[in-house]
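A quick write-up on the structure given underneath.
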Amino acid sequence: MAKARNKKKSQRSKAKVNKNLAENRYARYQYEILETIETGIELLGTEVKSIRAGNINLRDGFCLIRDGNLQLHNVHISKFNNAGNFFNHEPLRVRQLLAHKKEINKLESNLTKKGLALIPIKVYLKGSWIKITIGLGKGKKLHDKRETEKRKQTAKETKEALSRY
């Protein structure tokens, strides 16, 4: 009996370990993601509370490398409602991303190639830490987007056809 309770508790704690807070699905439509990297993010207290409440928008975000540091730009984290205006954060401020120097150098060398960009893909909880997955993406042309839509459509149709039989 005690083992069953412990098993349920461990399953609940595992479910909390990687909780998705926000995802940039539009990035996968606009870009072909070549490589992804998990990084930490430097946040203020009110930003953490706002992100945990789900008030973050990654859609227009991008990353830059300045002075050997990885920076997150144009990601909107709404102000926290229960804090006053004096203690609250600026929604569109530039945030530091925390990654190893070796990873940053590798990304910097890849960014020199034409048409590549760093895009935030997903924000999630890993234990009690807020992590962000950034992707090295190459912009898709219109015909590439149409091709992926056709592939998805045919896969959907075949799945439906197989489920009927």
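The values are calculated or read from the model by the stated rules, or taken from the named source; none is laboratory data. Please read these numbers as outputs of a predicted model, since none were measured by experiment. For neighbour counting, all protein chains shown are included, and Cβ atoms are generated from backbone atoms with ideal geometry for every residue, glycine included.
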Restricted to the range 30-89 and to residues being aromatic (Phe, Trp, Tyr) and under 16 Å from residue 121 (Cβ atoms), the residue surrounded by the most Cβ atoms within 10 Å (Cβ to Cβ) is 31
The condition of being more than 20 Å from residue 44 (Cβ to Cβ), part of a helix (DSSP H, G or I) and at pLDDT below 90 holds, among 150, 159, 102, 145, only for 145
Evaluate the following for residue 108: is it touching a residue at least 12 places away in the same chain (Cβ under 8 Å), farther than 26 Å from residue 19 by Cα and either outside any loop (DSSP other than H, G, I, E, B) or within 17 Å of the chain's Cα centre (by Cα) (or both)? yes
Can you find even one residue in the range 70-86 that is in a helix (DSSP H, G or I), modelled with pLDDT of 90 or more and out of contact with any Asp or Glu (no Cβ under 6 Å at 6 or more places or on another chain)? no
Boolean, residue 139 is within 27 Å of residue 35 (Cβ to Cβ), surrounded by 16 or more Cβ atoms within 10 Å (Cβ to Cβ) and either among the basic types (Lys, Arg) or touching a residue at least 12 places away in the same chain (Cβ under 8 Å) (or both) | no
Being of a type in the set (Val, Ile, Thr) and closer than 17 Å to residue 49 by Cβ narrows 75, 94 down to just 75
_Being in a helix (DSSP H, G or I) and surrounded by 13 or more Cβ atoms within 10 Å (Cβ to Cβ): is that true of residue 125 here?_
no
Within the range 122-163, residues β-branched (Val, Ile, Thr) and under 19 Å from the mean Cα position of the chain (by Cα) come out as 123, 130, 132, 133, 134
Among the residues of the range 1-28, the number that are modelled with pLDDT of 85 or more and of a type in the set (Ser, Thr, Tyr) is 1
